[in-house]
There are 2 protein chains.
Amino acid sequence: MNGAESLVHTLLKGGVDTCFANPGTSEMHFVAALDRVPGMRSVLGLFEGVVTGAADGYARMAGKPAATLLHCGPGLANGLANLHNARRAGTPIVNIVGDQATYHRPLDAPLTADTEGWARPVSGFVRTAQRASGVGADVAAAIRAARVPPGQIATLILPADTAWGDGGMVVEPLPPPPAPRVDQGVLARIARVLRGNEPAILVLTGAALAAEGLALAHRIRAATGARIIAQGSNARIAHGAGRVPIERVPYVVDRALAMLAGLKHIVLVGAVKPVAFFAYPDKPGTLYPPDATVHVLARADQDIVEALARLADELGAPAVPLPNGAAARPAPAKGAPTPEAVAQTLSALLPEQAVVVDESVSFGRTIFADCAVAAPHDWLQITGGAIGDGLPLATGAAVGAPGRRVIGLQADGSAMYTVQALWTQARERLDITTILISNRKYAILLHELANVGANPGRTALDMLDLSNPDLDWLRIAGGLGVEGARAETMERFADLFSQSLSRRGPFLIELVV
Amino acid sequence: MNGAESLVHTLLKGGVDTCFANPGTSEMHFVAALDRVPGMRSVLGLFEGVVTGAADGYARMAGKPAATLLHCGPGLANGLANLHNARRAGTPIVNIVGDQATYHRPLDAPLTADTEGWARPVSGFVRTAQRASGVGADVAAAIRAARVPPGQIATLILPADTAWGDGGMVVEPLPPPPAPRVDQGVLARIARVLRGNEPAILVLTGAALAAEGLALAHRIRAATGARIIAQGSNARIAHGAGRVPIERVPYVVDRALAMLAGLKHIVLVGAVKPVAFFAYPDKPGTLYPPDATVHVLARADQDIVEALARLADELGAPAVPLPNGAAARPAPAKGAPTPEAVAQTLSALLPEQAVVVDESVSFGRTIFADCAVAAPHDWLQITGGAIGDGLPLATGAAVGAPGRRVIGLQADGSAMYTVQALWTQARERLDITTILISNRKYAILLHELANVGANPGRTALDMLDLSNPDLDWLRIAGGLGVEGARAETMERFADLFSQSLSRRGPFLIELVV
């Protein structure tokens, strides 16, 4: 057995049975091993950002890591932006990067690069395999590292000779360390704060935003009067009818400041402190009042839901009913496309257990909140702010959640970064409806230009303008194998959206706004 | 004057008057400064790999650096693969990366990343501006660093507050250090070697492959019997009728070994040692005989052409006539598209002073040599092996060489990595004919799979196959604003190619092979 075969066997033993790949020469033995060892679903991406974003989306839905397969340092580099997003999501990924043979690296052939150096900032684990006989142990360690709570990127660099060399050994899975429990003293202290009269808020993310965590936070809120809110960007939120509706810390600084004004206690539940996405002249970077105290109920790597459950018990918080799951849904919207109209139509038509992948950027900021009465669904966000994640995330989510329709809320500027994902959606016949919000500009940047007090002229506006020429999304998608249609009214949008749900495979609706 | 304005002024004073940009929020003051300070040509790319590859192509043709404008660490990451190629080409680039405000970085907002760490492996200079008043000096230092021979990537990271802060100062250009002269003792020793009877070869790259350097090498060859060859991948080669024809070290290991067999002396003229692109089981990594001696006539950072001139004089090498520039050209090819047929048609129809950008990968390996009788032209290669460079390089080359037609020889698989470049070609109305070689597979990997002795099955073949669905290049290009047509015969190809030359702006020929 060569090293590559031991790698595939060990991945499968460790429960990693899906590989998103964009291989090159140094990975040919891995590719050959995928043939010889049955059981690995291999999904090809035509760009590495598709591969890494899809691995993120897969794990968010499947609850376990996929493997990637990337080619040398520059191939890894192409995947870094979405690994950055995955790192911020706490997503487990076994990130495999083929590379120059160990003895060939010193020759500094053209494609030789600092693969480890590039991997390190996004990875909780980086290892370069040294010999074929150690590859099994290396990948078992990588799987374990990926599963360290809440999940992290484990990069295993596989020099070509460690893949083709003989002596590969299959290694049994190593159990990941359990998530540390929250200390009782911390719980007691936070319970005291919440029992007090000072205004407090719980900021949730990660597992706290699954249905169980939300219900626990809902109990704590009912018992104490503390507010609850989600972090600004989150890997996955259980949402829709029958779930506890939750707002998120707003992106726009003034709105966030207004929302968090007057608070005395910020209780972090797996979340980071609320801070502005960017600094602006004359605006604060921290979004909560300077005199508020920040408490950490649970770090991201701790057992967050268990901590919430114990806190609810500590507070003696009684069970409270969840929102009515059978609330009436609105009718689909009519007229011109607006964020409110899109949310209304989604609330009307979203299928049960849909997965919404939201890279709608500035157009879509209110859509999440307005979908609280839609059929129960999961809502996935771009977590690290590196745009170009939406189409890949949707691709991976569809692989990771078969049988559930994936709805992509996708801004046009962002879609262009990883547009190659549409081809993978077509190839794998994934059940994805992409709502391509076509405003033909970097709308967020026009806001930001105003935010920084600039008074833009022609040159500046040209840098933020996606027309001249207009992107023709139906031709682009069609060229990549995805059928689509254009909607300029909400009536047409509702028709197309409904049609897309009744067919298999991907469909793109260019919504002109 | 704010820091961003001082930056644009200082760039212009330093001769940097073209900026390839994909800006984000933290760069809005830079964008605003582009308005207020006239004189900077700003070219928008819809993906950062387009921006960095275009900056590479621009500098290869214009002979001076462009600036880039990228957004934070993940935006830089998206541009790294083509910066890797640019580094291998010895291309000067002033690589500007906007980033979090200095005081905001410690808050670790979602888009915060290790920008410096990612920049370092491709950069000869990395600096993060600390205050607005220093930005002018920072960019002057970056321009100087970019111009250190033969050229390098100088990354200047610009935190948002150093762009918007007041007190910006315009700084006069700093002269780059001159390229060090080659020591006389080295020249004399190499002259002795070449006067001897042992088989020797000069391996050329960089400035040695411009017309003057080639003519000097031609003189040395005529006087000594030494052979001359170009490095495997080169930034730019003066080629075509009237120029000294030169072969390149072959990519395929067995061909390279055969070509370099029997040599006793390898004389590097700005070049790296001939080594295999990748290691293969049971093949050597070094392509020249183990008993050959390697001599360095000139390092890449030295004055290579001056060294060749002195060596020719030292050898008393007389002037020799150049090849006849008026040699008859073939007629355009007919029948089925093959590499030989494409080269024949290019030899027949290539316009004077065309710029050929070659990312034809496996299909096109012989086309360069077969174009030696074409009208005089420059030949640009992908230098670092990171595919996805061709469309951006062509884009930048067209900006850097106005009035010259750019011909892209472009493999389909590679084109997909940075397909967004077509939009910039359309927007800037660049005179580029892309010959999109559509074989609907990663052909090189099929060879490589055979090379490593694998016997591929369905899973492996699926990983190397770009059909299912077929990429429809005319729809993709059209969706991005570039008109195109399909050729399945060489007759049709010749017609389309000729038509493309008589029009302004970009055109794409999908050549089905």
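The values are calculated or read from the model by the stated rules, or taken from the named source; none is laboratory data. Quick caveat, the model's predicted, so the values are computed rather than measured. When we count neighbours, we look across all protein chains shown, and the Cβ atoms used for this are built from the backbone with ideal geometry, even at glycine.
Kindly indicate the residue of the range B:130-166 that is acidic (D, E) and more than 26 Å from B:K64 (Cα to Cα) and also nearest to the other protein chains (Cβ to nearest Cβ) among those meeting that condition.
It comes out as B:D161.
State the number of residues belonging to the range A:16-68 that are of a type in the set (D, E, K, R), under 18 Å from the mean Cα position of the chain (by Cα) and within 17 Å of A:A401 (Cα to Cα).
So the answer is 3.
Kindly establish whether A:V275 is touching a helix residue (DSSP H, G or I) at 6+ places or on another chain (Cβ under 9 Å), surrounded by 22 or more Cβ atoms within 10 Å (Cβ to Cβ) and without any contact (Cβ under 8 Å) to a residue 24 or more places away in the chain.
Yes; evaluated as a whole, the condition is true for this residue.
Hey, among the residues in the range B:372-387 that are of a type in the set (V, I, T) and either farther than 19 Å from B:M61 by Cα or more than 14 Å from chain A (Cβ to nearest Cβ) (or both), which one's nearest to the chain's Cα centre (by Cα)?
Checking each candidate, the answer is B:I387.
Restricting attention to the range A:260-306, report how many residues are under 13 Å from A:A217 (Cβ atoms) and either in a loop (DSSP other than H, G, I, E, B) or over 24 Å from the mean Cα position of the chain (by Cα) (or both).
1
Among the residues in the range B:214-222, are any without any contact (Cβ under 8 Å) to a residue 40 or more places away in the chain, within 24 Å of the chain's Cα centre (by Cα) and at negative phi?
Looking through the range B:214-222, at least one residue is without any contact (Cβ under 8 Å) to a residue 40 or more places away in the chain, within 24 Å of the chain's Cα centre (by Cα) and at negative phi.
Looking only at strands (runs of 3 or more DSSP E) that lie completely in the range B:389-487, which have at least 2 residues being hydroxyl-bearing (S, T, Y), in contact with a Ser or Thr (Cβ under 7 Å, 6 or more places away or on another chain) and away from chain A (no Cβ under 13 Å)?
It comes to none.
Suppose we filter A:G73, A:G53, A:G79, A:G49 for residues that are touching a residue at least 12 places away in the same chain (Cβ under 8 Å) and more than 10 Å from chain B (Cβ to nearest Cβ); which single one remains?
A:G53
With respect to A:A343, determine if the residue is in a helix (DSSP H, G or I), over 30 Å from A:I153 (Cβ atoms) and either touching a His at 6+ places or on another chain (Cβ under 9 Å) or not assigned by TED's automatic domain parsing to the domain that holds A:L202 (or both).
Spelling it out, A:A343 is indeed in a helix (DSSP H, G or I), over 30 Å from A:I153 (Cβ atoms) and either touching a His at 6+ places or on another chain (Cβ under 9 Å) or not assigned by TED's automatic domain parsing to the domain that holds A:L202 (or both).
Condition first: farther than 18 Å from B:H377 by Cβ and basic (K, R). Now tell me which residues in the range B:205-240 satisfy that.
Answer for the range B:205-240, where residues must be farther than 18 Å from B:H377 by Cβ and basic (K, R): B:R219, B:R221, B:R227.
Being over 10 Å from B:L436 (Cβ atoms) and either in contact with a strand residue (DSSP E or B) (Cβ under 8 Å, 6 or more places away or on another chain) or in contact (Cβ under 8 Å) with a residue 60 or more places away in the chain (or both) is the filter here; which residues of the range B:496-512 pass it?
Within the range B:496-512, B:L496, B:F497, B:S498, B:Q499, B:S500, B:L501, B:R504, B:G505, B:P506, B:F507 meet the criteria.
Which of the residues spanning the range B:71-126 are in contact with a strand residue (DSSP E or B) (Cβ under 8 Å, 6 or more places away or on another chain) and β-branched (V, I, T)?
Correct list: B:T91, B:I93, B:V94, B:I96, B:V97, B:T102, B:T115, B:V122, B:V126.
Confirm whether B:A77 is part of a helix (DSSP H, G or I), closer than 25 Å to A:G385 by Cα and either modelled with pLDDT under 95 or not assigned by TED's automatic domain parsing to the domain that holds B:A154 (or both).
Judged against the criteria, B:A77 is not a match.
Quick one: is A:T383 of a type in the set (S, T, N, Q), surrounded by 24 or more Cβ atoms within 10 Å (Cβ to Cβ) and closer than 27 Å to B:K441 by Cβ?
Against the criterion (of a type in the set (S, T, N, Q), surrounded by 24 or more Cβ atoms within 10 Å (Cβ to Cβ) and closer than 27 Å to B:K441 by Cβ), A:T383 does not qualify.
Look at B:V320 and say whether it is over 28 Å from B:L216 (Cα atoms) and β-branched (V, I, T).
no
Can you tell me which residue in the range A:107-129 is nearest to the other protein chains (Cβ to nearest Cβ), limited to those that are closer than 18 Å to B:T115 by Cβ and in a loop (DSSP other than H, G, I, E, B)?
Once the filter is applied, the top-ranked residue is A:D114.
Please give the number of the condition B:E510 fails out of (1) under 24 Å from B:V356 (Cα atoms); (2) within 10 Å of another protein chain (Cβ to nearest Cβ).
With (1) under 24 Å from B:V356 (Cα atoms); (2) within 10 Å of another protein chain (Cβ to nearest Cβ) applied to B:E510, the lone miss is (2).
Any idea which residue in the range B:59-70 is farthest from the other protein chains (Cβ to nearest Cβ), counting only those that are in contact with a Leu (Cβ under 9 Å, 6 or more places away or on another chain) and more than 19 Å from B:H29 (Cα to Cα)?
Per the criteria, the residue is B:M61.
Test A:G98 against the stated conditions and say whether it is within 14 Å of another protein chain (Cβ to nearest Cβ) and closer than 23 Å to A:M1 by Cα.
In short, yes.
Within the group B:A163, B:A217, B:A211, B:A226, which residue is surrounded by 19 or more Cβ atoms within 10 Å (Cβ to Cβ), of a type in the set (A, V, I, L, M, F, W, C) and under 30 Å from B:L349 (Cβ atoms)?
Going through B:A163, B:A217, B:A211, B:A226 in turn, the sole match is B:A217.
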